[in-house]
Amino acid sequence: MGNEAIIKTIGLDAFDTGLSVYRLLFPGQIKMMKQSLERVGQLQPVIVRQTGESYQLIDGFKRYYASEQLSPGSLLGKVIQVSESVGKAMILAYNKDSSPLLDYEEGLIVCSLKNEHGMNQKEIAVLTGYSPAWVCRRISLVERLDETVQSQLRLGTISAAHAREIIKLPRGNQGEVTRSIIDHELSSRSGAWLIDKYLSSATKVQKQYLVEHPREAMEKANQEQPIYDSRLCPHGNVLLKTTELLNLQQNIFISQYSNRKTEQLGQTEKMILGPKLHRVSVKAQSIVTIIDQKELQHEG
């Protein structure tokens, strides 16, 4: 992929960051890199290819964006002589071990080699060093994701794990399910449950209920599961069932109350909910007292 290289100091204004569209870079990552640069400085040069008077950044995007917030405005760069297609393949290579790319990022690069450089899957496999099956999976991941879903993935409002489940849905349904996952702050596991139930629902009414009330639907599904342990007496099994249901309701409450929308409630809504939340708090304290008195907690 090019043997000749030189090391030189490059001013930030000379960098071409066009290839950053193939990376998901979030503020928290840039902040950590800035702190590292401030503490120990730049330990490794960024990798660039010269294009006219500019230097196209191949590896070192977090260092670049962190350096924008620091002075002096330059970075040590390793300049290599390769084509743009090879440069894109090198993004995969440089991040293979130390900081693996998300499969979506890999898919963006592979799709670019296919669509912008006219390469077929076999040619991409040879260039990148991956199998044709790997290339096919990455292309499929990107091409089967609706643009609105990809936008949310780039913003960081959903994870790559969410995206891997969302591609099971027809593109026309991906948007509303993604919005439900975001609005209800569902984990990738809960999102997978929602998607499986959505796909198995026979009517539009059922699907609409799922996306509007996913946590309520999960609660009902869990309540329908038998809660029983043959080692327990009848009273023990009643206690087991009520305990499991209470745990479930607690999890749902914690998730909903922690939702950012709670802070957006109006004054009238707070007045209505306030006394009810107070009763919950009092009951919670009573439960703690009762459990402590009975001394049934597992010790060890």
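The values are calculated or read from the model by the stated rules, or taken from the named source; none is laboratory data. This one's a predicted model, so the numbers in the text were calculated from it and none came from an experiment. Note that each Cβ is placed from the backbone with ideal geometry, even for glycine, and that neighbours are counted across all protein chains shown.
Side notes on the structure shown:
- In segment 9-61, the residue that is nearest to the chain's Cα centre (by Cα) out of those that are more than 16 Å from Lys78 (Cα to Cα) and hydroxyl-bearing (Ser, Thr, Tyr) is Tyr22.
- The conditions of being touching a helix residue (DSSP H, G or I) at 6+ places or on another chain (Cβ under 7 Å), among the acidic types (Asp, Glu) and surrounded by 10 or more Cβ atoms within 10 Å (Cβ to Cβ) are met by Glu219.
- Meets criteria (modelled with pLDDT under 90, in a helix (DSSP H, G or I) and touching a Lys or Arg at 6+ places or on another chain (Cβ under 7 Å)) for Ile252: yes
- Filtered by the rule that a residue be more than 25 Å from Arg260 (Cα to Cα), aliphatic (A, V, I, L, M), assigned to a helix (DSSP H, G or I) and free of Cβ contacts under 8 Å to residues at least 40 places away in the same chain, segment 112-166 gives Leu113, Ile124, Ala125, Val126, Ala133, Val135, Ile139, Leu141, Val142.
- All of (1) in contact (Cβ under 8 Å) with a residue 40 or more places away in the chain; (2) in a helix (DSSP H, G or I); (3) not hydrophobic (A, V, I, L, M, F, W, C) hold for Lys34 with one exception: (1).
- Search result, residues across segment 176-215 that are closer than 15 Å to Ala163 by Cβ and not in a helix (DSSP H, G or I): Leu186, Ser187
- Just one of the listed residues (Ile6, Ile10) is touching a residue at least 40 places away in the same chain (Cβ under 8 Å) and surrounded by 19 or more Cβ atoms within 10 Å (Cβ to Cβ), and it is Ile10.
- Pick from segment 37-58, criterion assigned to a strand (DSSP E or B) and of a type in the set (S, T, N, Q), ranking: surrounded by the fewest Cβ atoms within 10 Å (Cβ to Cβ): Thr51
- Residues (within 13 Å of Thr9 (Cβ to Cβ) and modelled with pLDDT under 90) located in segment 42-77: Pro72, Gly73
- Checking every residue in segment 256-272 against the condition of being outside the structural domain of Leu199 (by TED's automatic domain parsing), surrounded by 13 or more Cβ atoms within 10 Å (Cβ to Cβ) and part of a helix (DSSP H, G or I) gives at least one match.
- Among (1) out of contact with any Pro (no Cβ under 7 Å at 6 or more places or on another chain); (2) closer than 23 Å to Asp13 by Cα; (3) of a type outside the set (Phe, Trp, Tyr) - the single one Ser99 does not satisfy: (2)
- Screening Phe253 on (1) loosely packed, with under 12 Cβ neighbours inside 10 Å; (2) closer than 30 Å to Gly191 by Cα shows it passes everything except condition (1).
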